Structures are given as C-alpha cells and as structure tokens.
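Please find one structure pasted underneath; my questions will follow.
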Amino acid sequence: MRLEQNSTQGLFLEVPLNTRVPAEWIRRGGLQKVERYSTRELDEHAQELGEAEAQVAAEARVLLTELR
C-alpha cells in the first residue's frame, strides 16, 4: 500500500488489485494492477494541506512584494 497524490484525484491510497480493504474506504478508481481508495480522514487531511499550501503561497507573495 502506498500513499499517492495526483492533480485529478488528490491524495489516495494505492493497493494491489484484489487486496482486501476496510469497508469504510471509498474506491476512487483503479488501474491495471492497482486500486485507488480514499478515507474520510484522508480527505480531511488533503483539505487541510490545500489550505496550508494556499496560506504559504499568499505569504510568499507578500514577502516578494516587500522585497521589490
């Protein structure tokens, strides 16, 4: 199992095909040899991460403006 991220599906857990996963995991899709899942907690973490990245970008813009 691996934690992966891409621009279309965000954060997800990638597990080999035919691997048993907990019932509360949400299937996001699959490829030829893997299935992709998410969880409520993982979605919440992804949202917090996105908010933190936006805050860092905003602060970086302010600092660059001050340097100019």
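Compute the long axis of helix 40-67 from its Cα atoms, compare it with the longest principal axis of the Cα atoms of the chain, and write down the angle in degrees, 0 to 90, nearest 10.
Its long axis makes an angle of about 20 degrees.
Here is a follow-up. For n ≥ 4 DSSP H runs only, could you compute -39500 (n - 2.57) per run for the chain, divide by its residues and tell me the 222 nm figure to the nearest 500?
On the way: 1 runs with 28 residues, N = 68.
Only helices count here, giving -15000 deg cm²/dmol.
For Leu63 paired with Glu24, estimate the spin-label separation in nm (one decimal), with each label point 7 Å from Cα along the Cα-to-Cβ line.
Reported label-point gap for Leu63 and Glu24 is 3.8 nm.
Could you check which residue among Leu31, Leu11, Leu42 shows the biggest mean-square fluctuation in a GNM of the chain with a 10 Å Cα cutoff?
Leu31
Right, something else. Pull up all non-local amide H partners of Gly30: gap of 5 or more, or a different chain, and H-to-H distance under 5 Å with H placed in the peptide plane.
Under 5 Å from the amide H of Gly30 lie the amide H atoms of Arg36, each far enough along the sequence or on another chain.
In addition: Taking Cα extents along the principal axes in Å straight from the coordinates, which label in (1) 34, 25, 15; (2) 55, 23, 16; (3) 52, 25, 16 is the correct one?
(2)
Testing the spin-label approximation: label points 7 Å from Cα along Cα→Cβ at Leu31 and Asn6. State their distance in nm.
Each label point is offset 7 Å from its Cα along the Cβ direction, giving 0.7 nm.
How big is the dipole moment of the chain about its Cα centre under a simple scheme where the beta carbon of each Lys and Arg is +1, that of each Asp and Glu is -1, and everything else is neutral? Debye, nearest 20, please. Can you show the working numbers first?
On the way: 9 positive and 12 negative charges, 85 e Å.
Dipole of the chain, to the nearest 20 debye: 400 debye.
Give me the accessible area of Glu24, 1.4 Å probe, in Å² rounded to the nearest 10.
130
Could you work out the local net charge near Arg61, counting Lys and Arg as +1, Asp and Glu as -1, over the other residues with Cβ closer than 15 Å to its Cβ? The partial results should precede the final answer.
On the way: positive: Arg68; negative: Glu53, Glu59, Glu66.
After counting each charged neighbour, the total is -2.
Separate question: Go through Thr65, Thr8 and list them by solvent-accessible area, largest first, probe radius 1.4 Å.
Values: Thr65 95, Thr8 120 Å².
From most exposed to least exposed: Thr8, Thr65.
The values are calculated or read from the model by the stated rules, or taken from the named source; none is laboratory data. Bear in mind that the values here come from a model prediction, so they are computed numbers and not experimental data. Counting neighbours? That spans all protein chains shown, and the Cβs are built from the backbone with ideal geometry, glycine included. These accessible areas exclude ligands, DNA and RNA; they are computed on the full protein's heavy atoms, side chains included. Shrake-Rupley method; radii C 1.70, N 1.55, O 1.52, S 1.80 Å.
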